[in-house]
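Sharing a structure here in structure tokens format.
The values are calculated or read from the model by the stated rules, or taken from the named source; none is laboratory data. Because the structure is a prediction, the values reported are computed rather than measured. Here the Cβ positions follow ideal geometry from the backbone for every residue, glycine too, while neighbour counts run over all protein chains shown.
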Amino acid sequence: MRYRFFNDVQWELISGLPPSNEGRRGDPFGDDRRVVEGIVYRYRTGVPLRDLPRSEFGPWQTVRKRHRSYAADDTWDGVLMALLTMADAQGQLDWTLSVDATINRADQHATNTTRPDRDTGGQGIQTSDQARAAMRASHEAISRAHARRSTRTRRPTTA
């Protein structure tokens with residue numbers, strides 16, 4: 001097959017991991033290898049689903065449905081864990097950890113935190129009690145202005 005990404009040894013490692021047909025109603029699954037190769041082909045080449053070669057991978061709808069169901073039921077996570085476990089047991093994994101200590105400075109206004117309740121010592125900064133009193137005074141002034149406007153009486157004009 002022209003579009004094979006797995007050799008037979010690699011396929012044997014993961015062939016038992018995708019869900020089987022047992023207990024499943026409806027049409028039985030076709031060749032798992034063909035569909036998984038279609039999924040891998042799509043990711044390696046970046047082609048849209050509809051452009052998958054039908055002669056090699058079958059209908060694109062099947063590849064899409066199977067990929068979505070494998071992602072939803074954590075089949076891909078199981079495949080990854082099984083391969084990692086096998087590789088680790090054979091000593092083929094190096095669990096070296098690399099930590100990046102990059103520091104990115106942010107502007108003081110870039111945070112999503114609230115102002116502290118106590119005075120921070122800066123000039124012109126009101127404490128929370130002062131801020132509340134100022135807000136209350138401005139709300140009362142606005143309310144009084146609205147009240148005056150709404151209670152004015154106007155003379156009806158005669159035509």
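Take Ala89 and decide whether it is exposed (fewer than 10 other Cβ atoms within 10 Å of the Cβ) and modelled with pLDDT of 90 or more.
Yes; evaluated as a whole, the condition is true for this residue.
Considering Thr102, Thr157, which residue is assigned to a loop (DSSP other than H, G, I, E, B), at pLDDT below 80 and either under 29 Å from Arg34 (Cα atoms) or hydroxyl-bearing (Ser, Thr, Tyr) (or both)?
Thr157
Which of the following residues is within 20 Å of Tyr3 (Cβ to Cβ) and not in a loop (DSSP other than H, G, I, E, B): Thr85, Thr62?
Thr62
Go through the range 12-31 residue by residue and tally those that are modelled with pLDDT of 85 or more and within 17 Å of Val63 (Cβ to Cβ).
1
Now for a separate question. Just for the range 51-80: of the residues that are under 16 Å from Ser15 (Cβ atoms) and either in contact (Cβ under 8 Å) with a residue 60 or more places away in the chain or of a type outside the set (D, E, K, R) (or both), which one is surrounded by the most Cβ atoms within 10 Å (Cβ to Cβ)?
Among those that are under 16 Å from Ser15 (Cβ atoms) and either in contact (Cβ under 8 Å) with a residue 60 or more places away in the chain or of a type outside the set (D, E, K, R) (or both), it is Tyr70.
Ok, one more. Out of (1) at pLDDT 70 or above; (2) more than 30 Å from the chain's Cα centre (by Cα), the odd one out for Ile125 is which?
So the condition that Ile125 fails would be (1).
Ok, one more. For Ala106, all conditions in the list (1) surrounded by fewer than 12 Cβ atoms within 10 Å (Cβ to Cβ); (2) closer than 25 Å to Ser20 by Cα; (3) not charged (D, E, K, R) hold save one; what is the number of the exception?
Condition (2) is where Ala106 drops out.
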